[in-house]
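Report on the structure given below.
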Amino acid sequence: MRQIIAEKPAARQSSFVTLAILISGHTSRSMGLQSFGTDLNVAVFGAGGGIGGAFVQALRADPAVAQLHAISRNGEAGGGTHTYACDPLDNDALAATMATITADTPLHLAITTIGILHGEGIAPEKTWRHIEADAMRRIYEVNTIAPTLIARHVLPALAKGRKTAHAVLGARVGSIGDNRLGGWVSYRASKAALAMVIRTLSIELARTNPHALFIGLHPGTVDTALSQPFQQGVAQGKLSTPDHAVHQMLNTIDTRSTTDNGNVFACNETKIPH
């Protein structure tokens, strides 16, 4: 296994992600990408989380993947990798990171798994009386602005003349048409805004790179730190492991075509209404 260090630490310290570039050979394949060809250059943003880490492990085992770039906020990008900080809200840092990722070959697949639902001073609102500007601002920063800025640098770096894709984790609760329960105002609004970003940028992408896709993925309720406080209300059999959710999402990515560009899909490959 050969390891490549890339990207110096960004100046801003409040919202770090960490980049590790791992180049490895593979001899077996338990699941993987079938429609993208071979010798793939792949990046995962948010690799330190439960879902992001599961994406890294799955893609690491895929023989079609030649270069795997694991980007993590806390430097937890997988054992044995070198990590460097990159602020997703800093365009200069993102530009430098993408320049390193694509130094030898353009990008074929990027997956962004960054997201926040709760944290210090942040919780899903049950009523309008719970709406707070600081919490709402932070949720938008992580769930909408950071993925948008990542997309700004990922989309023009996608290879041309073959199938490529950028997939971002969305959420069913971000669907305006599917909202029948109310609540969770900031989280819903941030994911609805992200869905609009996906749709809008996919239109520009189709003009400049007609074989490329920009889509959203709803992973369902996954057994990670993000969903942990809310798992008690999940119906039996509806809580997925990260590995299972990632297997479904990779299959969804693999089976999408250009007619699916700009949409958000559930794990069962059904389109979620905007």
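The values are calculated or read from the model by the stated rules, or taken from the named source; none is laboratory data. Being a predicted model, the structure only gives us computed values, none of them experimental. Please note: Cβ atoms are built from the backbone with ideal geometry, for glycine as well, and neighbour counts cover all protein chains shown.
Within the set of pairs 6 or more residues apart or between chains, which connect a residue that is closer than 21 Å to A133 by Cα and surrounded by 14 or more Cβ atoms within 10 Å (Cβ to Cβ) inside region 169-186 to a residue that is at pLDDT 90 or above and among the basic types (K, R) with Cβ atoms less than 6 Å apart?
V173/R188; G174/R188; G174/K191; G183/K126
Scanning region 34-46 for residues that are in contact with a His (Cβ under 9 Å, 6 or more places away or on another chain) and assigned to a loop (DSSP other than H, G, I, E, B), which turns out surrounded by the fewest Cβ atoms within 10 Å (Cβ to Cβ)?
D39
Looking only at region 106-153, filter to residues that are at pLDDT 95 or above and of a type in the set (S, T, N, Q); which one of those is nearest to R199 (Cα to Cα)?
Once the filter is applied, the top-ranked residue is T148.
Answer with yes or no whether P229 is within 15 Å of the chain's Cα centre (by Cα), more than 16 Å from L155 (Cα to Cα) and at pLDDT below 90. Full working, then the answer.
On the way: within 15 Å of the chain's Cα centre (by Cα): no; more than 16 Å from L155 (Cα to Cα): yes; at pLDDT below 90: yes.
No, not satisfied.
Kindly indicate the residue of region 117-168 that is farther than 30 Å from D92 by Cβ and of a type in the set (D, E) and also surrounded by the most Cβ atoms within 10 Å (Cβ to Cβ) among those meeting that condition.
Going through the qualifying residues, I end up with E125.
Only one of these conditions is not met by A6: (1) of a type in the set (A, V, I, L, M, F, W, C); (2) surrounded by fewer than 23 Cβ atoms within 10 Å (Cβ to Cβ); (3) closer than 20 Å to A167 by Cα; (4) modelled with pLDDT under 90. Which number is it?
All conditions pass for A6, except number (3).
How many residues are in a loop (DSSP other than H, G, I, E, B) and buried (at least 20 other Cβ atoms within 10 Å of the Cβ) if we restrict to region 263-274? Reasoning before the result, please.
Here is the first cut: in region 263-274, the residues in a loop (DSSP other than H, G, I, E, B) are 263, 267-270, 273-274.
From what is left, the residues that are buried (at least 20 other Cβ atoms within 10 Å of the Cβ) are 263.
Residues in region 263-274 being in a loop (DSSP other than H, G, I, E, B) and buried (at least 20 other Cβ atoms within 10 Å of the Cβ): 1 in total.
For region 121-143, enumerate the residues that are in contact with an Asp or Glu (Cβ under 8 Å, 6 or more places away or on another chain) and not aliphatic (A, V, I, L, M).
G121
Mind checking which strands (runs of 3 or more DSSP E) fall wholly inside region 63-179 and carry at least 2 residues that are not aliphatic (A, V, I, L, M)?
Of the strands (runs of 3 or more DSSP E) lying wholly inside region 63-179, those with at least 2 residues that are not aliphatic (A, V, I, L, M) span 65-72, 84-86, 164-169.
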